[in-house]
1. Can you tell me how the range 77-185 classifies by the Cα gyration tensor, rounded, prolate or oblate, using a/c under 1.5 as the rounded cut?
2. What shape does the range 45-125 have by the C-alpha gyration tensor, where a ≥ b ≥ c are the square roots of the eigenvalues, rounded means a/c under 1.5, and otherwise prolate means a/b greater than b/c and oblate the rest?
3. Label 7 Å along Cα→Cβ of E17; the range 109-133 residues with amide nitrogen under 17 Å?
4. Arrange the residues L129, L44, L119 by how much accessible surface each exposes, largest first, with a 1.4 angstrom probe.
5. Of the options L57, N150, A136, report the single residue whose Cα projects farthest towards the positive end of the charge dipole of the range 44-167 (beta-carbon charges: Lys, Arg +1; Asp, Glu -1).
6. By how many degrees, between 0 and 90 and to the nearest 10, does the Cα long axis of helix 57-69 differ from the longest principal axis of the chain?
7. Using Cα pairs under 8 angstrom and six or more residues apart, how large is the relative contact order of the range 97-185, in percent?
8. What does the accessible area per residue of the chain come to in Å², with a 1.4 Å probe and no ligands, DNA or RNA counted?
Amino acid sequence: MIRSQIGSPDAVEQQTEDARIAHELRGLSARELLTRMELSLEELRRRGIVRSRNAPLADVSERLVWIARGGTLEPQSMKSHDVTTEAGQKIQVKARIMKTPSGMFSQFRSFGFDTAVFLVFAPVTVDLLFARELTAGEVTSAGARSEWVNATTLTGAKVLTRGADVTDEMREAYRLLDTDPGAGS
């Protein structure tokens with residue numbers, strides 16, 4: 001959360017509401033929790049915020065980059081990149097919820113992109129903690145390569161010290177997520 005928002009009346013009200021919901025969820029059975037998760041996913045799909053029934057963080061993150069940069073949100077079958085800007089820049093998007101920067105992002109198996117945008121979200125609140133944009137060259141040089149799985153991986157700590165900081169740009173896109181005119185399309 002941005003420092004100026006901590007302790008604000010809106011932030012306190014949101015924390016109170018989050019605590020109420022968390023308390024309510026503790027009383028539900030596993031099946032009831034799964035039902036609510038499915039209903040939430042279906043509503044996110046109806047709004048066009050997510051495109052699959054998978055965990056929504058990847059879809060949401062791809063949409064944030066698309067809102068911020070414009071262009072085309074590529075079909076899910078596109079393996080090399082997620083967004084192509086109007087200028088033709090190919091962007092791969094990686095996102096994780098991390099308690100500490102030591103967490104790993106999903107693996108890179110292809111490098112048919114120009115840059116990769118990495119987004120790190122806080123547990124529980126899903127606040128965007130930081131976002132960094134690295135070139136494909138920075139990803140390959142900073143990543144750990146495993147020939148056994150034919151992939152390159154990076155930790156949040158490695159990403160945090162490289163590339164360009166795009167946190168403010170992605171936070172603004174996050175703020176616009178529910179008001180995006182392309183949502184639901």
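The values are calculated or read from the model by the stated rules, or taken from the named source; none is laboratory data. Since the structure is predicted, the reported quantities are computational estimates derived from the model, not experimental observations. For neighbour counting, all protein chains shown are included, and Cβ atoms are generated from backbone atoms with ideal geometry for every residue, glycine included. For the accessible areas, the whole protein counts, side chains as well, though only heavy atoms, and no ligand, DNA or RNA atoms are used. Shrake-Rupley method; radii C 1.70, N 1.55, O 1.52, S 1.80 Å.
1. Oblate shape, in that a/c is at least 1.5 and b/c is the bigger or equal ratio.
2. Because a/c hits 1.5 or more and a/b fails to exceed b/c, the range 45-125 counts as oblate.
3. 124-128
4. L129, L44, L119
5. Comparing the listed Cα positions along the dipole, L57 ranks first.
6. 70 degrees
7. Values: 125 pairs, mean separation 28.3, N = 89.
With pairs under 8 Å counted, the relative contact order is 32 percent.
8. 59 Å²
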